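**Q** Please see the structure below; I have some questions.
Each value in this text was obtained by applying a stated rule to the coordinates, not by laboratory testing. This is a predicted model, so every value here is computed, not measured. FYI the Cβ positions are ideal-geometry reconstructions off the backbone, even for glycines, and counts take in every protein chain you see.
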Amino acid sequence: MIGKVVGPNLDLAVEEKARMRRKNKAGRYHIIERQQKTTFDQVLELYKKEGGAKDYVLQFESTYLSYFGGQKLASITQADLFAFKEKVKGTPRQFGGTQVTDATVNRALAGLRRVFNYAVLRQYMEESPFPKVPKSGLLYPEKKGLRLFFKEEQMIGILQSSPDWFMPRILANYLTGLRQGELLGLRREWVDLKEGIIYLPSTKTLKDPTGMGQKIAMQKELIDLFKSLPKRSEYVFSQPDGKPYRQWHVYKAFKRVLEAVGIDPKQYSWKELRHTTGSLMHLKGAPVLAIKDQLRHTTTLSGGEQQMLAIGRALMAKPKLFLMDEPSLGLAPSIVQELSSITKSINESGISILLVEQNISLAFRVASKGYVMELGNIILQGEMEKLRTNEMIQRAYFGDGFSSSSSITETNGG
C-alpha cells in the first residue's frame, strides 16, 4: 500500500510510514486507509441511502459519476475540481446547444462540495479537496466584478414603478444590502432608530460567538423611511393583518416591477439588489473589507477595517460634503497610510471633505487648505503649503529643533 502512495523510493516509503504512524497516534490512521480504498461512487451511494440528499446534488449525479466515477477519494485534488468546473461549463445544454450558465456551474460545484463534506463527516476522507475558505472563488464566475446589478438610473425607475406597499422594501434592501430573508424577518426590536443601527443577531454567513450580532449603520433616508412605516406587528415589514411577507409575495411583485421598467426578470431578480449595494460601493471607491462587511461576509473587524467600513457606508449616501472626525485615531501607521490614499481618491472623485485631525502628517498629505484651532478659536488658516512652513506649527507639533526642510511625514511617523 505504501508503494502505491509514494512510489518505489524506499526513503520516501519509510518517511510516509512514519507519518502514518504519527497520524495513528492521533486516531486518524483509519481515515487515511479508508480514503485510499473508498471510491467516489461508493460515497455518493452512501450519501443517497442515508437520506436527506439535496435535489441539486441528485440533479448532477450522472455528471459527477462521469468525471469522478471509479476514482479513489485519496486521488481527488483541488486541480480535479477546477478541471471538473471547466468540463461542466463546456457541456452543451440539453436544449439549445449553448454553454451552461454560471449559476448551473455553481450549483454543480455546491452539490459536489456537499458530497465531499459528507465524506469528511463520515470519516471517509481526512479533508475535503475544496478550498477551506468559503466562497474562495471556486464557486464564483470567472469574470469577477461583472455580476449583474442595477445601475442608478435603473434603480430610480424601479422605485418609481413600485407600488406604495412594496417600494419601502426595495429601498431598504438597496440601502443596506440585506438578504431577502433578513429583510422579511426583520423585527422592530432589532432596529434602534434613535442610534440609527440595525442589529442582526444571526445571519446566513455570520454566527457571532459573542452573541452581540452584527450592526448595520442606517442612513438618514432609511431612518425616516422606517419611522413612516405602519406598526402592525413585531415585524418592520408586515401585511395588513400583521403577518410577515413571504418570499413569493416579493417574487411576484418584483417581477411585475421589472417588466414595467423594461428589465428582463429572467436575468434579474431580487438578489441583484444586494449585488447593486456592493457594486455601487465599489464604484464609489469603498474598500473591499467595507463591502464585505456591509454584505456580511466577515466576522470580526479590526479598528482599521471598521474605519474603512464607516467610510464605505457613508459613500453610499452620495454625499457632496464628507465630514471625517479624527479618522486616524488609534490606527496603526500602515492603516493611516492607506486611509490617506483613500481620502485623496474620494476628494479627487469630486466630493469635498472636511477633516478634523490631530495627526498633522495626515492632514498635510491630504488637505489643500487648513485651519488651526486653539481653545475653540481659529488662530491660523491658509493653504497647506504655507502652513507647512509656519514657525508656530513647527514648534507646536514638531518641537523647537524641527526644520521646515525636514519631512513632516517622516517626523511624525504617519
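**Q** Can you pick out the pairs among K231/K320; K194/K215; K220/K318; K215/K318; K271/K320; K151/K255 whose Cα atoms lie more than 23 Å from each other? Walk me through the intermediate numbers first.
**A** On the way: K231/K320 34 Å; K194/K215 14 Å; K220/K318 12 Å; K215/K318 21 Å; K271/K320 29 Å; K151/K255 17 Å.
Pairs exceeding the cut-off: K231/K320; K271/K320.
**Q** Each label point is 7 Å from the Cα along the Cα-to-Cβ direction; what then is the distance between the points at K369 and D164, in nm?
**A** 4.6 nm
**Q** What FRET efficiency do you get for Y199 and E391 if R0 is 45 Å and r is their Cβ-Cβ distance, rounded to the nearest 0.05?
**A** According to the calculation, E is roughly 0.30.
**Q** Let me ask you something else. Rounded to the nearest 0.05, what FRET efficiency do D192 and S341 have when you use their Cβ-Cβ distance and R0 = 41 Å?
**A** After rounding to 0.05, the efficiency reads 0.80.
**Q** What FRET efficiency would be calculated for the residue pair K243, H275, taking the C-beta separation as r and a Förster radius of 35 Å, to the nearest 0.05?
**A** 0.75
**Q** Please list 3J(HN,Hα) in residue order for segment 173-182, calculated via the Karplus relation 6.51 cos²θ - 1.76 cosθ + 1.60 where θ = phi - 60°; whole Hz, with x for glycine and proline.
**A** 3J(HN,Hα) across segment 173-182, in whole Hz: 5, 5, 7, 10, x, 5, 6, 4, x, 5.
**Q** While we're on this one: I'd like the Karplus ³J(HN,Hα) series for segment 217-224: coefficients 6.51, -1.76, 1.60, θ = phi - 60°, whole numbers in Hz, and an x wherever there's a Gly or Pro.
**A** Going residue by residue, I get 6, 9, 6, 4, 4, 6, 4, 4 Hz, with x marking Gly and Pro.
**Q** Find how much the distance from V120 to E50 grows on full extension, using 0.36 nm per residue of separation minus their present alpha carbon separation; answer in nm with one decimal.
**A** 23.7 nm is the gain from fully extending V120 to E50.
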